[in-house]
Amino acid sequence: MSHLPYLAAGWIVIVGIYGIVTSRDLIHAVVCLSVTQSGTYVLLLAIGYRDGATAPVFSDRPPHGRPVTDPVVQAMTLTDIVVGATVTALLLALAVQVAKRRGTIDPGELRSLES
Amino acid sequence: MRTRTRTLLFAAGAAGAAALFTAGALDLPRFGGAVHPYGDRAVRQALRESTTNTISSVNFDQRAFDTIGEELILMASAIGAVVLLRVVGKEAEDQGAAHRHGPAEVSDALRIVGYLLLPVTLLIGVYIIAHGAQSPGGGFQGGVVLGTAVHLLYLAGDYPALQRLRPIPVFESTEALAAGVFVAMALAAAGAVPALNGAVGVEVGCALVLLIGKFFEQALLVREPPGGTP
Amino acid sequence: MSDPFSGPLADALILTALALTVLMATAVVLTRHPARQAVVLSGYGMVLGVLFLVLQAPDVAMSQIGVGTVVVPLIVVLALHATRRHRKGGDTGEDDRRPDHDTSGTASDGDPAGRGAAGGDAP
Amino acid sequence: MILQLTVAVPILAAALLATAGRWLPRLVVDVAAVLAVAAVAALAALTLTRAPHHAQVSWLGGWGPATGVGIPLAADPFAAGLALVTALLTLAALLFSWRFFTEVQAIFHTLMLLFLAAMVAYVYTGDLFDAFVFFELMSVVAFALTGYRSEEPSTVHGALNFGIIQSIGAYLTLAGIALVYARTGQLGLATAGRQLIGTGTGHGGHGDALVTAAFVLICTGYLVKASAVPFHFWLADAHAVAPTPVCVLFSGIMVPLGVYGIARTYWATFAGLVPLRAIAVLGAAAALLGAVMCVLQHHIKRLLAYSTVSHVGLLLVGVAAHGPGALAGTAYYLAGHAGVKGALFLAAGALLNRHQTVDEHELRGRGRGMPVTGATFLLGALGLAGLPPSGLFAGHAVTEHAAEELGWWWFTPLAIAASALTAGAVLRVWLGVFRGTPAEEDPAQEDPAHGARPDAGGGHEDPETRPTLRNLPWTMVSPGLVLLAAALLAGLIPGGPVGAAAAMFTDRDGYAALVLDGRVPHPHSVPADPWTASGVAGFLATLLLAALIAVHAVRRRASDRTGGGILARAAAATSARLHALHSGHIGDYAAWLTAGVAVLALLTTRF
């Protein structure tokens, strides 16, 4: 348990990259990229977790009571999620364009750009 | 490279990377440990500023500069999607593509649910933005709700209404304006968490409407496949 | 037992959520059929959201559920819909050369799945 | 305040143009964008003059170092200098595109301004996570700019490869940052560095496995940006298809910023905890492979792109040489390379605009009516070879001296080989395009398969580019000339201040003092001295080799392309192998990336 969550995060990152390596479809590859990124969310939040703590929101209880989880990693993850979603959207837009321009989205069929 | 070679190369690399990460992760502090120096400092400062949602305080006050970057990423990719998907839209129209306006058959019940849900969802979005400084939620989460809520009209089968409700140029301008306002506020007067929340909410909402709208356009503008509809 | 935030119960909860997350992440990658992958992705987003709730991060969970279960899968489905012409690909016969992870993805059922999802998954 | 303004001005201008751009006349948009960039350049120049004496630090939102939660912007002389180079290159690119893109909306300008803001913020920030955010902003804008002319078939493919590989790298960087955060509870470069020294030492004062893993992961993203082998595959794909003014920024500054990221992270946070030999090895590999690939290209933009791989590889080696002397040389080199490469890309853009192609074979002899562009290619080739007193000459000489002191005997041959190959390739282009005789057939009826080359770009297919300009307007000619002149004179920058700046950069405690205490450190420094006999000899050797390569290539093409013995066949086989390696397949690129991480890990770990 003591280090398992970190390793789980690492697994998610690697499995996402595996998906990109073996992908036969660019949209599939972009989705795998978003899986890779979700590994970083898990890593960050796992780092910020604290046994017996509550969420770092004090609206319904007095401060200095129970300890809270780390708000900084949560803020970082929040930023990361936005970044991830927008990057995914932009890359999907590119994938749509690839399909329209090249007539396929199988990376194996896309001819090299190398002349 | 053949598939087999590629997979082998990846396997070798992944083994090395996994060993590196595992060794590093085992040196990390125990999961659930009690030592979070930066977190403790951030909580202290947030309470001093009486922002009860510490995360909002970190995002919009203490580390507002990160959020500036984040909002600019959002703006850049919304603009990028507009650029990328613009030309094709024009071209598809040139080719006389058939427009499909929403799902062909929508039951009346679904239509009514769609119409009824729209104002409720919009309200929820505004609520989440407005209370972001105190309780979980904030400009980003509320903005997501707002941005997707508009597309309930599609569920209601009313694509023309959807198009009327989201004139792309207005959203483009509003989005950029909100981003500008956010940057100006964050640099000049960091600390006005509710106002910053509002600006982010508007920006995120507009950017999502733009992004999703552009993708809708793409999905609907494609010519009907020769085989007809299934 | 009395404290829901610590002790063996919390540990078990976290472990379960973590295991589910890892499984779902792997499932997303191994689902080679794009339309089906969008559905699995949506489920993965939800599982991640639950994990974040369990890890006491409600703000993050909220945006993860909004983004991960709705926005991103929706955009994926729309992108699939926009590229479906090239996916069927006429002569390329993309589906018969799909890896064996997905046995049911054939050219004939690919399109309606994408189309149905585009209509039905919209919030 | 100056630092905030430097970042805020382009952002606000971008927001303004994105808001109102569709209603403004084109001239207003152009003028507004150029003015904003000029303001950034002026602010960066001001920062550069003040940085050696007054601490240029700003804690955003008033969250000073005492609170322990804020984000600092800090500018030492190198950072300010980089910001200045960035602004000047952006200015040149915008002036060049004054007539290049003629679409109405201001989207191109908005993206360029955001690009500038991202790079400046990345250079100035003193916070790990903030660096990641602006690194991502830089990447996202770059993807959008690469795919800007999305009607070109290969454009979007190159942009997508670029996007996926960059993003994997960035996420690994973020994982590394998370490890540092978990260990130190800090995100500031300086504060995290102080903590790591305190806690991160395993046996013998070196970092433990966590420190190694964190450094390798952080470096991966930056090395992808810096296009070290085997992370470099995206670069040529992206450069070949991006609009020329964008290439100026990519090659001139965005790719070198990856090197800056490694240097800054190392010296501010990890100094002494991890070895840099991995960076040296990957950099040297990039220098060689990039140079060889460069010679094999006939698409001029791809050729220039591979020469960037090669030269940035040399920058990486300079950083890995791990001392103020080599770093001073690297700074000269970076400035010189930015100017020369910018001018060469702009010249390629002029060719593209005039002839609707940048294929060396198709352009053969057709550049005779373009004396200024031809001169740019010739001088650019000489500059790449290290013509004194260019920045590249000074860079070679100074870095070489430092490398010799380290006992890195291989550096001089490596630098000469890499420079000679890239300079030779550019010289070959000049000989063929500007001095050669046109091919027999009428250019109007050229091979349709070639005429419609997807990556040839521009021209009649493209509704957004003006078909052909009879005479290049001064806005398209002068930016390149100014960049070239600046680069060719950059070696005259006095060695004293450069040496002092390098000493400041490589002093970890000095950086912490600057950021946390607002004190300008004055570590002992040695003035950089570019004017060494071996430096000049190195240039002459490089030039000779480059001329031989260029003349040989032209001769061989003129006589018989297929002839030759075993050697020629072996060369042809190798070249085919190398081309096949750069397959454009995203799965290959991702597999290479993972392998690269493993190599980095292997070389960085102390067993």
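Scanning the range D:360-379 for residues that are outside any loop (DSSP other than H, G, I, E, B) and free of Cβ contacts under 8 Å to residues at least 24 places away in the same chain, which turns out surrounded by the fewest Cβ atoms within 10 Å (Cβ to Cβ)?
Keep residues of the range D:360-379 that are outside any loop (DSSP other than H, G, I, E, B), which gives D:371-379.
Next, from what is left, pick out any that are free of Cβ contacts under 8 Å to residues at least 24 places away in the same chain: D:371, D:375.
On the way: D:PRO371: 10, D:ALA375: 15.
Within the range D:360-379, the match that is surrounded by the fewest Cβ atoms within 10 Å (Cβ to Cβ) is D:PRO371.
Can you list the helices (runs of 4 or more DSSP H) found entirely within the range B:122-221 that contain at least 1 residues being closer than 24 Å to D:GLY21 by Cβ and more than 7 Å from every other protein chain (Cβ to nearest Cβ)?
Working: elements: B:139-149, B:152-155, B:159-165, B:168-188, B:193-221.
Output list reads B:139-149, B:159-165, B:168-188, B:193-221.
Out of all the residues in the range D:60-78, which are free of Cβ contacts under 8 Å to residues at least 60 places away in the same chain and assigned to a helix (DSSP H, G or I)?
D:LEU60, D:GLY61, D:GLY62
I need the full set of residues from the range D:21-59 which are in contact (Cβ under 8 Å) with a residue 40 or more places away in the chain, over 20 Å from D:THR86 (Cβ atoms), within 14 Å of chain B (Cβ to nearest Cβ) and assigned to a helix (DSSP H, G or I), in order please.
Selection gives D:GLY21, D:ARG22, D:VAL29.
Say whether the condition of being among the hydroxyl-bearing types (Ser, Thr, Tyr), at negative phi and outside any helix (DSSP H, G or I) is met by at least one residue in the range D:83-96. Explain how you work it out, then say what you get.
So in the range D:83-96, the residues among the hydroxyl-bearing types (Ser, Thr, Tyr) come out as D:86, D:90.
Those left that are additionally at negative phi: D:86, D:90.
Pick out the ones that are also outside any helix (DSSP H, G or I) and you get none.
No, because not a single residue in the range D:83-96 is among the hydroxyl-bearing types (Ser, Thr, Tyr), at negative phi and outside any helix (DSSP H, G or I).
Every residue, every condition in (1) among the polar types (S, T, N, Q); (2) at pLDDT 85 or above; (3) more than 30 Å from D:SER167 (Cα to Cα), yes or no:
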| position | (1), (2), (3) |
| --- | --- |
| D:VAL551 | no, yes, yes |
| D:ALA558 | no, no, yes |
| D:THR562 | yes, no, yes |
| D:GLY565 | no, no, yes |
| D:ALA568 | no, no, yes |
| D:SER575 | yes, yes, no |
| D:LEU578 | no, yes, no |
| D:GLY587 | no, yes, no |
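D:ARG183 - would you say it is surrounded by fewer than 24 Cβ atoms within 10 Å (Cβ to Cβ), modelled with pLDDT of 90 or more and not in a loop (DSSP other than H, G, I, E, B)?
Numbers: surrounded by fewer than 24 Cβ atoms within 10 Å (Cβ to Cβ): yes; modelled with pLDDT of 90 or more: yes; not in a loop (DSSP other than H, G, I, E, B): yes.
So D:ARG183 fits the description; yes.
Taking the conditions exactly as written (of a type outside the set (Gly, Ala, Ser), under 21 Å from D:PRO479 (Cα atoms) and surrounded by fewer than 24 Cβ atoms within 10 Å (Cβ to Cβ)), does D:VAL57 satisfy them or not?
Details: of a type outside the set (Gly, Ala, Ser): yes; under 21 Å from D:PRO479 (Cα atoms): no; surrounded by fewer than 24 Cβ atoms within 10 Å (Cβ to Cβ): yes.
No.
What is the number of the single condition among (1) within 8 Å of chain B (Cβ to nearest Cβ); (2) within 28 Å of C:VAL39 (Cβ to Cβ); (3) of a type in the set (A, V, I, L, M, F, W, C); (4) surrounded by fewer than 24 Cβ atoms within 10 Å (Cβ to Cβ) that A:ILE17 does not meet?
So the condition that A:ILE17 fails would be (4).
Return the residue satisfying two criteria in turn: it lies in the range D:521-537 and is among the polar types (S, T, N, Q) and not in a helix (DSSP H, G or I), and of such residues it is surrounded by the most Cβ atoms within 10 Å (Cβ to Cβ). Step through it out loud before you land on a result.
The first filter runs over the range D:521-537 and keeps only residues among the polar types (S, T, N, Q), leaving D:525, D:532, D:534.
If we keep only those that are not in a helix (DSSP H, G or I) as well, we get D:525, D:532.
Details: D:SER525: 20, D:THR532: 14.
Among them, the one singled out is D:SER525.
Quick one: B:ARG30 ticks every box in (1) at the interface with another protein chain (Cβ under 7 Å from one of its Cβ atoms); (2) surrounded by 20 or more Cβ atoms within 10 Å (Cβ to Cβ); (3) among the charged types (D, E, K, R) bar one, so which box is it?
Among (1) at the interface with another protein chain (Cβ under 7 Å from one of its Cβ atoms); (2) surrounded by 20 or more Cβ atoms within 10 Å (Cβ to Cβ); (3) among the charged types (D, E, K, R), the lone unmet condition for B:ARG30 is (2).
Looking at the range D:567-583, I want the residues that are farther than 15 Å from D:HIS232 by Cα and have a partner that is at pLDDT 85 or above with Cβ atoms under 8 Å, at least 6 apart or on another chain. Which pairs are those?
So the pair list comes out as D:SER575/D:LEU296.
In the range C:16-45, what residues are more than 7 Å from chain A (Cβ to nearest Cβ) and farther than 30 Å from C:ARG85 by Cα?
Taking the range C:16-45 first, the residues more than 7 Å from chain A (Cβ to nearest Cβ) are C:16-17, C:19-20, C:23-24, C:27, C:30-31, C:33, C:35-36, C:38-40, C:42-45.
Once the filter is applied, which keeps residues that are more than 7 Å from chain A (Cβ to nearest Cβ) and farther than 30 Å from C:ARG85 by Cα, the range C:16-45 yields C:THR16, C:ALA17, C:ALA19, C:LEU20, C:LEU23.
Looking for something part of a helix (DSSP H, G or I) and of a type in the set (Phe, Trp, Tyr) - is there at least one such residue anywhere in the range D:427-435?
We begin by selecting, within the range D:427-435, every residue part of a helix (DSSP H, G or I); these are D:427-435.
Remaining after also requiring of a type in the set (Phe, Trp, Tyr): D:430, D:434.
Checked the range D:427-435: at least one residue is part of a helix (DSSP H, G or I) and of a type in the set (Phe, Trp, Tyr).
To keep it simple, each residue is scored yes or no on (1) under 21 Å from the mean Cα position of the chain (by Cα); (2) at the interface with chain B (Cβ under 8 Å from one of its Cβ atoms).
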site: D:ALA121; (1), (2): yes, yes
site: D:TYR124; (1), (2): yes, no
site: D:GLU136; (1), (2): yes, yes
site: D:SER139; (1), (2): yes, no
site: D:GLY147; (1), (2): yes, yes
site: D:SER154; (1), (2): no, no
site: D:ILE165; (1), (2): yes, no
site: D:GLY169; (1), (2): yes, no
site: D:ALA178; (1), (2): no, no
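Looking at the range B:29-39, can you tell me whether even one residue there is more than 26 Å from D:VAL216 (Cα to Cα) and not acidic (Asp, Glu)? Break it down stepwise before answering.
Of the range B:29-39, the ones more than 26 Å from D:VAL216 (Cα to Cα) are B:34.
After this cut, where a residue has to be not acidic (Asp, Glu) as well, the list is B:34.
The answer is yes; a qualifying residue exists.
Every residue in the range C:21-42 that is within 24 Å of B:GLN141 (Cα to Cα) and in contact with a helix residue (DSSP H, G or I) (Cβ under 6 Å, 6 or more places away or on another chain), please.
Restricting attention to the range C:21-42, the residues satisfying the condition of being within 24 Å of B:GLN141 (Cα to Cα) are C:21, C:24-25, C:38-42.
The answer is C:THR21, C:MET24, C:ALA25, C:ALA38, C:VAL40, C:LEU41, C:SER42.
Can you tell me which residues in the range B:1-14 are more than 7 Å from chain D (Cβ to nearest Cβ) and either under 30 Å from A:VAL68 (Cβ atoms) or in a helix (DSSP H, G or I) (or both)?
Narrowing the range B:1-14 to residues more than 7 Å from chain D (Cβ to nearest Cβ): B:2-5, B:7-8, B:11.
Within the range B:1-14, B:THR3, B:ARG4, B:THR5, B:THR7, B:LEU8, B:ALA11 qualify.
Among the residues of the range D:524-546, are any within 14 Å of chain B (Cβ to nearest Cβ), under 23 Å from D:VAL281 (Cβ atoms) and within 27 Å of the chain's Cα centre (by Cα)? Working first, answer last.
Looking only at the range D:524-546, we keep the residues that are within 14 Å of chain B (Cβ to nearest Cβ), and these are none.
No.
Could you pull out the residue among D:THR542, D:THR604 that is over 25 Å from D:GLY158 (Cα atoms), in contact (Cβ under 8 Å) with a residue 40 or more places away in the chain, in contact with a Phe, Trp or Tyr (Cβ under 7 Å, 6 or more places away or on another chain) and crowded, with 20+ Cβ neighbours inside 10 Å?
D:THR604
Scan the range B:41-80 residue by residue and report those that are at the interface with chain D (Cβ under 7 Å from one of its Cβ atoms) and outside any helix (DSSP H, G or I).
If the condition is that a residue be at the interface with chain D (Cβ under 7 Å from one of its Cβ atoms) and outside any helix (DSSP H, G or I), then B:ARG63 is the only one that fits.
Any idea how many residues of the range B:15-27 are in a helix (DSSP H, G or I), at the interface with chain D (Cβ under 8 Å from one of its Cβ atoms) and surrounded by 16 or more Cβ atoms within 10 Å (Cβ to Cβ)? Please lay out each step first, then the result.
Step one: list which residues in the range B:15-27 are in a helix (DSSP H, G or I), which gives B:15-26.
Narrowing further to those that are at the interface with chain D (Cβ under 8 Å from one of its Cβ atoms): B:15-17, B:19-21, B:23-26.
Cutting the leftovers down to surrounded by 16 or more Cβ atoms within 10 Å (Cβ to Cβ) gives us B:16-17, B:19-21, B:23-25.
Residues in the range B:15-27 being in a helix (DSSP H, G or I), at the interface with chain D (Cβ under 8 Å from one of its Cβ atoms) and surrounded by 16 or more Cβ atoms within 10 Å (Cβ to Cβ): 8 in total.
Just name the residue that is nearest to C:ARG84 (Cα to Cα) out of those in the range A:20-40 that are assigned to a helix (DSSP H, G or I) and at the interface with chain C (Cβ under 7 Å from one of its Cβ atoms). Let's see the steps before the verdict.
Pass one, the range A:20-40, residues assigned to a helix (DSSP H, G or I): A:20-21, A:26-40.
This time we only want the ones that are at the interface with chain C (Cβ under 7 Å from one of its Cβ atoms), so: A:27-28, A:31-32, A:34-35, A:38.
Details: A:ILE27: 11, A:HIS28: 13, A:VAL31: 17, A:CYS32: 19, A:SER34: 21, A:VAL35: 23, A:SER38: 27 Å.
Within the range A:20-40, the match that is nearest to C:ARG84 (Cα to Cα) is A:ILE27.
Please count how many residues of the range C:19-33 are free of Cβ contacts under 8 Å to residues at least 40 places away in the same chain and either surrounded by 23 or more Cβ atoms within 10 Å (Cβ to Cβ) or more than 16 Å from C:VAL54 (Cβ to Cβ) (or both). Explain how you work it out, then say what you get.
First, pick out the residues of the range C:19-33 that are free of Cβ contacts under 8 Å to residues at least 40 places away in the same chain: C:19-29.
So of that shortlist, the ones also either surrounded by 23 or more Cβ atoms within 10 Å (Cβ to Cβ) or more than 16 Å from C:VAL54 (Cβ to Cβ) (or both) come out as C:21, C:25-29.
Number satisfying all stated conditions: 6.
Go over the candidates A:GLY16, A:GLY10 one by one and state the one that is part of a helix (DSSP H, G or I), touching a Cys at 6+ places or on another chain (Cβ under 8 Å) and either of a type outside the set (Ser, Thr, Tyr) or modelled with pLDDT under 95 (or both). Let's see the steps before the verdict.
Details: A:GLY10 fails: touching a Cys at 6+ places or on another chain (Cβ under 8 Å).
After applying the criteria, what remains is A:GLY16.
The values are calculated or read from the model by the stated rules, or taken from the named source; none is laboratory data. Since this is a predicted model, take the numbers as computed values, not measurements. Every residue, glycine as well, gets a Cβ built from its backbone with ideal geometry; the counts of neighbours run over all protein chains shown.
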